[in-house]
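Before any comments, here is the structure.
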Amino acid sequence: MLSPIQVLCSDITTLSLEPEPFASYTEADIISTVEFNHTGELLATGDKGGRVVIFQREPESKNDPFSQGEYNVYSTFQSHEPEFDYLKSLEIEEKINKIRWLPQQNAAHFLLSTNDKTIKLWKVSERDKRPEGYNLKDEEGRIKDVSTVTSLQVPVLKPMDLMVEVSPRRVFANAHTYHINSISVNSDYETYMSADDLRINLWHLDITDRSFNIVDIKPANMEDLTEVITASEFHPHHCNLFVYSSSKGTLRLCDMREAALCDKHSKLFEEPEDPSARSFFSEIISSVSDVKFSHSGRYLLTRDYLTAKVWDLNMESKPLETYQVHDYLRSKLCSLYENDCIFDKFECAWNGSDSVIMTGAYNNFFRMFDRNTKRDVTLEASRESSKPRAVLKPRRVCAAGGKRRKDDISVDSLDFTKKILHTAWHPTENIIAIAATNNLYIFQDKLNSEMH
């Protein structure tokens, strides 16, 4: 995967997310989550304005072999609206925190989307025929006077322009006191879980009025609170297993067969702290912002502020692999604390074969690490470097005081307002989606694209 990367699609003017290069954008336009479906044919993004945009991959064309793989807008809909909790006098943002696709069972697609408090199940379906020739309705749909009906006809289905319909099927509300940070669909495809800062709930997809609390770390006295839940995910193959991460840098693997309330974990993954490296920022930068099971289910990928780590489920004492994402920021932690960047939550992703991992950084950079060759690359998602079909050039950041080569970027000139927090990898192909503020970039491995 770490061969040159080719740009597939970087212009999303049809979304009005950035109509003109360098045009201003609003807070509502910032992309807050990105997710491929199980086949990779659909890609969904959610933004801070509560909207969900679904992209569909174009089928391969004999006339234009390069068009295969391009993603175009399939449907756009408003998932969540801003609300107000009158009991607590709190505004509830419409921002989409997470999107998760359900595996396709029929012609329709289903996805879950959540803001801070409410999860919704959406049905996405196509209609390309319409019924005509009703006996008791006219063409406008109005009921006819029965006395005017002199003969009976058989209604027929006539072709029409393709229409994508999105409809809400379930609303799962009022189960979380704190902000929902993650949702995960179980491998039984019947249940899913939602996690907030202190609790994890288990839901059945058909039941909206009740859920089961499976993890509760809230202390009797909130003054005794020492950590919060930051992310959670079900095992991809075993429906009884799930993992959740904490702000203390720990991972807990839980087995729902052991007890209804999984307060006691089956395994605790924690890296011993080096006392000599301890500082004021140690606990903040060790907080896990994302956790992902590998497709095989054997490994866990986690991201904290400065590193990405791969854990083996059979080894709790330390990570199997540790990758430095932007170690050159270690000397900048004080200023990053002052501008709140140190609290940014970066996500991480596996490729389809679990051999490469990807995560974001600042200055619209994203990083890839090959687990087999131990090679890594830094790439940039920006309009200037991402013209269609262009090959991305590897970038290099020069640490403060280090030797600077041509085209190196000084750590002092990094733009911390441009950050890539959300990334997604196609489940089987080397196609990646990168959310950079209000722009979505889709890249493909050059070798892979030349095969078409």
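State whether one or more residues within region 210-227 are touching a strand residue (DSSP E or B) at 6+ places or on another chain (Cβ under 9 Å), among the polar types (S, T, N, Q) and in a loop (DSSP other than H, G, I, E, B). Checking region 210-227: at least one residue is touching a strand residue (DSSP E or B) at 6+ places or on another chain (Cβ under 9 Å), among the polar types (S, T, N, Q) and in a loop (DSSP other than H, G, I, E, B). Of all the criteria given as (1) under 27 Å from Ile54 (Cα atoms); (2) assigned to a loop (DSSP other than H, G, I, E, B), the one not satisfied by Met163 is (2). Taken over region 248-269, the criterion of being among the aliphatic types (A, V, I, L, M) and under 19 Å from Asp290 (Cβ atoms) is satisfied by Leu251, Leu253, Leu268. Residues in region 26-44 that are part of a strand (DSSP E or B) and either in contact with a His (Cβ under 8 Å, 6 or more places away or on another chain) or modelled with pLDDT under 95 (or both): Ile31, Ser32, Thr33, Val34, Phe36, Leu42.
Yes or no, residue by residue, for (1) β-branched (Val, Ile, Thr); (2) open to solvent by 50 Å² or more (accessible area, probe 1.4 Å); (3) under 30 Å from Phe281 (Cα atoms); (4) free of Cβ contacts under 8 Å to residues at least 24 places away in the same chain:
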{"site": "Ile180", "(1), (2), (3), (4)": "yes, no, yes, no"}
{"site": "Ser187", "(1), (2), (3), (4)": "no, no, no, no"}
{"site": "Leu198", "(1), (2), (3), (4)": "no, no, yes, no"}
{"site": "Trp203", "(1), (2), (3), (4)": "no, no, no, no"}
{"site": "Lys218", "(1), (2), (3), (4)": "no, yes, yes, yes"}
{"site": "Leu251", "(1), (2), (3), (4)": "no, no, yes, no"}
{"site": "Asp255", "(1), (2), (3), (4)": "no, no, no, yes"}
{"site": "His265", "(1), (2), (3), (4)": "no, yes, yes, yes"}
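Among the residues making up region 185-200, those that are of a type outside the set (Asp, Glu) and part of a loop (DSSP other than H, G, I, E, B) are Asn186, Ser187, Tyr189, Leu198. Applying the set (1) hydroxyl-bearing (Ser, Thr, Tyr); (2) open to solvent by 50 Å² or more (accessible area, probe 1.4 Å); (3) within 27 Å of the chain's Cα centre (by Cα) to Thr302 leaves exactly one unmet item: (2). Residues in region 402-452 that are under 18 Å from Pro388 (Cα atoms), modelled with pLDDT of 80 or more and of a type in the set (A, V, I, L, M, F, W, C): Ile431, Ile432, Ala433, Ile434, Ala435, Ala436, Leu440, Ile442, Phe443.
Check region 123-132 and report whether any residue there is part of a strand (DSSP E or B), touching a Phe, Trp or Tyr at 6+ places or on another chain (Cβ under 6 Å) and open to solvent by 30 Å² or more (accessible area, probe 1.4 Å). For region 123-132, residues part of a strand (DSSP E or B), touching a Phe, Trp or Tyr at 6+ places or on another chain (Cβ under 6 Å) and open to solvent by 30 Å² or more (accessible area, probe 1.4 Å): present. Say we look at region 294-345 and pick out the residues that are among the acidic types (Asp, Glu) and not in a loop (DSSP other than H, G, I, E, B); which of these is farthest from Thr437 (Cα to Cα)? Step by step, filter region 294-345, then rank; the result is Asp312.
The values are calculated or read from the model by the stated rules, or taken from the named source; none is laboratory data. Keep in mind it's a predicted model, so treat the numbers as computed, not measured. A quick note on method: Cβ atoms are made from the backbone with ideal geometry, for glycine too, and the neighbour counts reach across all protein chains shown. Accessible surface areas use protein heavy atoms only, side chains included; no ligands, DNA or RNA. Shrake-Rupley method; radii C 1.70, N 1.55, O 1.52, S 1.80 Å.
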